[in-house]
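To start, the structure under review is shown below, and the notes come after it.
The values are calculated or read from the model by the stated rules, or taken from the named source; none is laboratory data. No experiment lies behind these values; they were computed from the predicted model shown. Cβ atoms come from the backbone with ideal geometry, glycine included; neighbour counts cover every protein chain shown.
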There are 2 protein chains.
Amino acid sequence: MADIADVTAAPDRRSALKALFHPRSIALVGATDNSRWSSNTYTNLRQCGFLGPVHLVHPVREVVHGARAVRRLSDLDEPPDLVYVMVPTAAVMPVMEEVARLGIRNAVVLTAGFGEVGADGVRLQEELKTLAAAHKITVLGPNGNGFINAPAGIVPYGLPVTLPLRSGPIGVMLQSGALASTAVSFVRQHAMGLSLLCSMGNEMQVTATDVLDYLVHDPHTRVIALFLESIREPRRFLQAAREALAARKPVVVLKVGQTAVSRRTALVHTGALVGDDAVNDAALRDAGVIRVHSFEDLMVTAGFLGYYGAPPGRRAGVVTASGGASEILADRAAAEGVELPDFSDATRARLTELLPSFGSAHNPLDVTGYVVVDGSLTERALGIAVDDPAFDFLMTFVSAPTDGADNSRLKAGWEALAAVAARSPHPVYPATQTLQDISQEGAAWAEALGLRPLGGIEHGLSALGRALWWKEAAGRAPLETTTATAARPTAHEWDGRGDGLRGVLGEQAARRVLQSRGLPLVPSRLARSGREASRIAAELGGPVALKVAADALLHKTDVGGVRLDLRHPEDAEAAYDDIVAHVTAARPDLTLDGVAVSPMRAGGAELLVSVTRDPAWGPVLTVATGGVLVEILQDRALRLLPVTVADIRQMLGELRGRALLDGARGGVAADRDRLAAVIAAIADTALQLGPRLSVLEVNPLYVSGREVEILDALLVFEDQDAGAGGS
Amino acid sequence: MADIADVTAAPDRRSALKALFHPRSIALVGATDNSRWSSNTYTNLRQCGFLGPVHLVHPVREVVHGARAVRRLSDLDEPPDLVYVMVPTAAVMPVMEEVARLGIRNAVVLTAGFGEVGADGVRLQEELKTLAAAHKITVLGPNGNGFINAPAGIVPYGLPVTLPLRSGPIGVMLQSGALASTAVSFVRQHAMGLSLLCSMGNEMQVTATDVLDYLVHDPHTRVIALFLESIREPRRFLQAAREALAARKPVVVLKVGQTAVSRRTALVHTGALVGDDAVNDAALRDAGVIRVHSFEDLMVTAGFLGYYGAPPGRRAGVVTASGGASEILADRAAAEGVELPDFSDATRARLTELLPSFGSAHNPLDVTGYVVVDGSLTERALGIAVDDPAFDFLMTFVSAPTDGADNSRLKAGWEALAAVAARSPHPVYPATQTLQDISQEGAAWAEALGLRPLGGIEHGLSALGRALWWKEAAGRAPLETTTATAARPTAHEWDGRGDGLRGVLGEQAARRVLQSRGLPLVPSRLARSGREASRIAAELGGPVALKVAADALLHKTDVGGVRLDLRHPEDAEAAYDDIVAHVTAARPDLTLDGVAVSPMRAGGAELLVSVTRDPAWGPVLTVATGGVLVEILQDRALRLLPVTVADIRQMLGELRGRALLDGARGGVAADRDRLAAVIAAIADTALQLGPRLSVLEVNPLYVSGREVEILDALLVFEDQDAGAGGS
């Protein structure tokens, strides 16, 4: 629970980061003409507009990068606000001790050779961390390239930055060094600007979540783009993401790396359902974070949201001079939930008057190749379309200028478009047809005219689709952040120890545990002979199901251990013998406890409900269309715990098989309130069983009308106490 | 069957297109300084290296584009090989009559106002077509921009082309005018070159399939990229695509537009399975065509295959200077079936020696940020990795030069990379990290060094994945084209009339039709009273199923018309009354024929098998995991007819639910040979029912061991004779 304490200290951390990112003087320690890192950093600080002093420190050289250098930090007249440390690994501690003595409070450590390289490095990093904590030094890195504060022109950053460096609304944080340069190039080639870019390094002290939290509260940042390798403080990360949502500041994430399924979870059906990184998806979506899967989508989506915000609605009017491109766009729009209603009659009449006789006034509009003759046709048609109340926004295409060509006609088109956009009652989003650089000439037009062309149909429509999703998520989120969980009926943390429970608990043992905690189970009585099975069946009346009872056996059906729908007591007797014969033949090693006899349940729907422990995110609830088809259906909804009953109802609504709950094909419709309440109770029970619980899997949970019953269940515990996972 | 005749004439068509695309002299008819089309075309012809005469024809002006013009074609000393016609619509016929008189054999008609604008235009186009046919004039268009023959420098093309125009292995055909320019820009910005680009227009005479067929046989073309709006000659198109596959020349298609489900198909379950453009997918995949969904993927995939061909295998070694980018690549590789085996021990030892101490020698390799100090690190590491037999190919990243920056260091890196690639025993594929222009400077390096950087991780890995898929498809295809269908046991064309059959045929009527054609059906006897139902049940012995018999009723379960698994004759009697009561209450309008009694089938697997008529592709076979879950499972395989029994077995293997056929969960494994034979017989029966059949749907087809039985079926006929569909 350490990160909960950290959240309380968030304002302090924010002001520490504000100081880190806004130094008035900087010393480059280890500056030398021999190092490209040194020359890059010095050039970046000088070229990007940093106005304060840049001190150069080198133990021997008197002149570095053509300027005077000092031998040590204490030779400076006054200590700098920030040190940028690029000395050899062994020299880092002595330098940082001097930093501590001088009372310097901010450091970027570029030097590698710490936590990333094994036991010695880890020890060295621990020493550095202790020193920094004792002297309240804020340290970015080690093994990180630094940051770019574009609005302030402060660029203590070790890789080359090609000018112009534009400032803008996009805050970027990356758990990668080299990709930071990819991001810098991308924004440069697409007329976007940065509020802050921060390359994390080892996160010894300043963490990815700290920077996210800073960006959420940074007034220059209107959208946050993150490249993540691992989320080390998941609960705190989600808290910051929810604050971003409450502040209506979109967070776009490219998260790499697959979540491995634990050995324990792989044993059970849930393992086949959450085998990819579905848990990451569920966690991020739950916090209103936009997840993308390519660097292109990361930057195009962030750029769109940063410059335009979310669209007012889903209805797009599209005006183009390319029938083909408008068809590609129409397919992509359909896939992204962007609607293309047709023009209103008045608009159609005005457009028909404008178009050549071989044109056709429908949305998406192709003004035809006659645009070759009349270069203003597209913009004039757009000028008509913007007045149509059928649309929430307009889209049109622009071309990027070609270096070395005569672009004057193109520029006139951009200017006409900007004029239409300026007087339009709805937003107008220009796009290039494919993702392409718009050149520095195009970027200059873009800045001057306030047009930020979306990066192609493919990635641009992805951005629109995600922006519309985000808008709905933000609309549901409270405007103010709440940490209260009072409204949440399920527990949010393991609160028990599962005393005495070990290993895999098959059906009978699991039934005892779940029954003792008040969950509804189908009646079940153990028979130890065919005659006893027959007697129990007669007492139960109606059809029965027989299942072999042997706790070490996980997949009973596979060895002939299950017989369903036995309608007469004598059938039960025969089935008993049959089951014992089959199971004994298949698994002679097993000790059978007998055969369990239950009343048959049929005609309703069957779900799988499980709680598993994700190594990063902690307890995860899975609800799936269940029974024997569960792996084939692959129809599931996931949520991190805690959840509300409303969340569970929403999960049920996400299932493709939800029609089965509504009594499709002649069944009785499920009482969804009752069902959601039982699922919530299952989730709570899992948490009460403590952090050693790996899996609680109910499959099937039978539901028909108000009748909701666990027909079979399984519990898996770690043999050793594990960490609480995700907290 | 008109297109079969066309196939016979294919060599004639090919030589006609060869003449069209290789004129030695060209006349621009309607040339004028007032038209940008005219100036574009004239400039393109002059700048791109066309060496023959370009004649300008205008009825009044004597000087056009600074050169002498003539008034009419007959004023020329000798008739040109090709006329490029851009006169007003009304003047096209007179010009073309003159073309015919002069014996000119090739024309591009840019002018619009023909088939695309309603009845008058259609009439005019028919006149033009008749004239062209009578005089054997090959006409591209009307309403098309022309073509670009890059290797010959022949560019009669109406939109601007920015130089340099590179020739290369990519043949492009587009059913769109403006997108052609997008393609031209894309290849220019990514150091690719064209063999031919053809913008189709109205396809009055030269069709998209003609151009595809030409490109298949064009020696300059090593890969074919198509933008398709509609496939007008589907069977002939597939024939050409299969010839491309046999010739090992990949075809990449961006096909827009969703296939609408016909009203008739929407009635039945199949409608919910093939509602999107799944039939296009199936048809193209079946012919070995690579289908993509973005213009970026179209061009990046074509470029990769054109320059590198398919990779020798799936095992990639990756050498980068960016840990983050290599992680993005690893995720994409996993999604595309590209394997990343680790380095062999010997390679790891050599790499460990090379890397700084904080590096780690694993695939994908990050040579670390030390590359800032040692600029040759990546290329030296790659030089080690290329010798590792663990890999089929290598990947690495390159950066594009930045306009206005000092790119000398970058260029040295490209040169070092090219040197490694030249001596590597495996192909080396360089890629940029994101899709970006590589600038004309980069393109010059690319040409000189033989490096064609893949367009980013996202689109580049899509290209690799599709290339690997194509390679497998090509490996299965015969090296020589066969038109023989002898090996194909199902019919390939409707061969009956379904005489007398109209509208919707429910279960009982459908049974009669299918039974008369020898298909295996579950026994079924009609009861007209509860007592009769009871008697039939007793005679059948064992559990029975009762289903209401009323031909106008499609969804019997929904109105309580089905009762299953009745084990005693008295249960059947009660069920009869129950069914009649329910159905009569729900649908008082219906006339019931009685209630059908069948032996109960349970414990096996259930499939849906249907043949529907796609408006473009003709008869389509769908096999799906069936029964009441069919819509929820959405688990289907499609093929155009005809199919072989081997195709059907492959379809079964594509189902997610194939485990059900293998007796998962205690069932009896299906005899797949028997099952495939029955499905083939169902497909043949559908075709024998003639072209008015809209739908033959069997759901479920019950299978358990060798027992394969139709439990329920439905036939839907058009009331009017329809075309044969797809032929």
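Enumerate the pairs (first residue in the stretch A:508-525 and over 18 Å from residue A:716 (Cβ atoms); second residue anywhere and basic (Lys, Arg)) with beta-carbon separation below 6 Å, excluding pairs fewer than 6 apart on the same chain, so at least 6 apart or on different chains. Short answer, once both residue conditions are applied: A:521/A:511.
Within the stretch A:199-214, being under 23 Å from residue A:466 (Cβ atoms), in contact with a Lys or Arg (Cβ under 8 Å, 6 or more places away or on another chain) and of a type outside the set (Asp, Glu) holds for A:208, A:209. Scanning the stretch A:597-624 for residues that are of a type in the set (A, V, I, L, M, F, W, C) and closer than 24 Å to residue A:654 by Cβ turns up A:605, A:607, A:608, A:609, A:611, A:616, A:617, A:620, A:621, A:623, A:624.
Assess whether residue A:403 counts as being in the same structural domain as residue A:464 (by TED's automatic domain parsing), surrounded by 21 or more Cβ atoms within 10 Å (Cβ to Cβ) and farther than 26 Å from residue A:312 by Cα. No: the conditions fail for residue A:403. Scan the stretch B:351-374 and report the pairs whose first residue is modelled with pLDDT under 85 and whose second residue is in a loop (DSSP other than H, G, I, E, B) and β-branched (Val, Ile, Thr), with Cβ atoms within less than 7 Å and a gap of 6+ or a chain change. That search, which allows pairs on different chains as well, returns B:358/B:368; B:359/B:367; B:359/B:368.
If you go through the stretch A:334-356 and pick out every residue that is touching a helix residue (DSSP H, G or I) at 6+ places or on another chain (Cβ under 7 Å), away from chain B (no Cβ under 13 Å) and either among the basic types (Lys, Arg) or surrounded by fewer than 18 Cβ atoms within 10 Å (Cβ to Cβ) (or both), you end up with 3.
Which is without any contact (Cβ under 8 Å) to a residue 60 or more places away in the chain and within 14 Å of chain B (Cβ to nearest Cβ), of A:657, A:653? Among A:657, A:653, only A:657 is without any contact (Cβ under 8 Å) to a residue 60 or more places away in the chain and within 14 Å of chain B (Cβ to nearest Cβ). Screening B:232, B:242 for residues that are surrounded by fewer than 22 Cβ atoms within 10 Å (Cβ to Cβ), free of Cβ contacts under 8 Å to residues at least 60 places away in the same chain and either under 16 Å from the mean Cα position of the chain (by Cα) or not in a helix (DSSP H, G or I) (or both) leaves exactly one candidate, B:232.
Of all residues being surrounded by 24 or more Cβ atoms within 10 Å (Cβ to Cβ) and out of contact with any helix residue (DSSP H, G or I) (no Cβ under 6 Å at 6 or more places or on another chain) in the stretch B:620-638, which is farthest from the other protein chains (Cβ to nearest Cβ)? Just the residue, please. That would be B:626. Looking across the stretch B:161-217, the residues that are touching a residue at least 60 places away in the same chain (Cβ under 8 Å) and facing another protein chain (nearest Cβ under 8 Å) come down to B:179, B:182, B:186, B:189.
This table checks each residue for (1) assigned to a helix (DSSP H, G or I); (2) touching a Gly at 6+ places or on another chain (Cβ under 6 Å); (3) of a type outside the set (Val, Ile, Thr); (4) crowded, with 24+ Cβ neighbours inside 10 Å.
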site	(1), (2), (3), (4)
A:160	no, no, yes, no
A:165	no, no, yes, no
A:203	no, no, yes, no
A:209	yes, no, no, yes
A:219	no, no, yes, no
A:226	no, no, yes, yes
A:237	yes, no, yes, yes
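The criterion of at least 3 residues that are of a type in the set (D, E, K, R) and away from chain A (no Cβ under 14 Å) is met by the following helices (runs of 4 or more DSSP H) wholly inside the stretch B:357-466: B:408-423.
Any chance the stretch A:496-512 includes a residue that's in contact with a strand residue (DSSP E or B) (Cβ under 9 Å, 6 or more places away or on another chain), more than 14 Å from chain B (Cβ to nearest Cβ), at pLDDT below 95 and at positive phi? Scanning the stretch A:496-512 turns up at least one residue that is in contact with a strand residue (DSSP E or B) (Cβ under 9 Å, 6 or more places away or on another chain), more than 14 Å from chain B (Cβ to nearest Cβ), at pLDDT below 95 and at positive phi.
For the stretch A:528-545, name all the residues that are surrounded by fewer than 17 Cβ atoms within 10 Å (Cβ to Cβ) and in contact with a strand residue (DSSP E or B) (Cβ under 9 Å, 6 or more places away or on another chain).
A:528, A:529, A:539, A:541, A:542
Residues in the stretch B:589-601: is at least one at positive phi and within 13 Å of another protein chain (Cβ to nearest Cβ)? Taking every residue of the stretch B:589-601 in turn, none turns out to be at positive phi and within 13 Å of another protein chain (Cβ to nearest Cβ).
Would you confirm whether or not the stretch B:527-539 contains a residue that is among the aliphatic types (A, V, I, L, M) and modelled with pLDDT under 85? First the steps, then the outcome.
The initial filter retains those residues of the stretch B:527-539 that are among the aliphatic types (A, V, I, L, M), namely B:527, B:533, B:536-538.
From the residues that got through so far, the ones that are modelled with pLDDT under 85 too are none.
No, that holds for no residue.
Restricted to the stretch A:96-132, and to residues there that are in a loop (DSSP other than H, G, I, E, B) and among the hydrophobic types (A, V, I, L, M, F, W, C), the residue that is nearest to the other protein chains (Cβ to nearest Cβ) is A:112.
Within the stretch B:73-112, being over 17 Å from residue B:134 (Cα atoms) and among the charged types (D, E, K, R) holds for B:75, B:77, B:78, B:81. The conditions of being under 18 Å from residue B:138 (Cβ atoms) and outside any helix (DSSP H, G or I) are not met by residue B:213. Tell me yes or no: at least one residue of the stretch A:324-334 is in a loop (DSSP other than H, G, I, E, B) and among the aliphatic types (A, V, I, L, M). Within the stretch A:324-334, not a single residue is in a loop (DSSP other than H, G, I, E, B) and among the aliphatic types (A, V, I, L, M). Of the set (1) at pLDDT 90 or above; (2) surrounded by fewer than 22 Cβ atoms within 10 Å (Cβ to Cβ); (3) β-branched (Val, Ile, Thr), all apply to residue A:591 but (1).
Kindly indicate whether residue B:385 is in contact (Cβ under 8 Å) with a residue 60 or more places away in the chain and in contact with a Leu (Cβ under 8 Å, 6 or more places away or on another chain). Spelling it out, residue B:385 is indeed in contact (Cβ under 8 Å) with a residue 60 or more places away in the chain and in contact with a Leu (Cβ under 8 Å, 6 or more places away or on another chain). Of the residues in the stretch A:297-312, not one is modelled with pLDDT under 95 and among the hydrophobic types (A, V, I, L, M, F, W, C).
Quick check on the stretch B:136-150. Is at least one of its residues within 22 Å of residue B:300 (Cβ to Cβ), at pLDDT 95 or above and away from chain A (no Cβ under 11 Å)? Yes, the stretch B:136-150 has at least one match. In this entry, residue B:286 is excluded by the filter for residues that are more than 10 Å from every other protein chain (Cβ to nearest Cβ) and surrounded by fewer than 17 Cβ atoms within 10 Å (Cβ to Cβ). Within the stretch B:265-278, is even one residue modelled with pLDDT under 90, within 14 Å of chain A (Cβ to nearest Cβ) and touching a helix residue (DSSP H, G or I) at 6+ places or on another chain (Cβ under 6 Å)? Yes, there is a match, as at least one residue in the stretch B:265-278 is modelled with pLDDT under 90, within 14 Å of chain A (Cβ to nearest Cβ) and touching a helix residue (DSSP H, G or I) at 6+ places or on another chain (Cβ under 6 Å).
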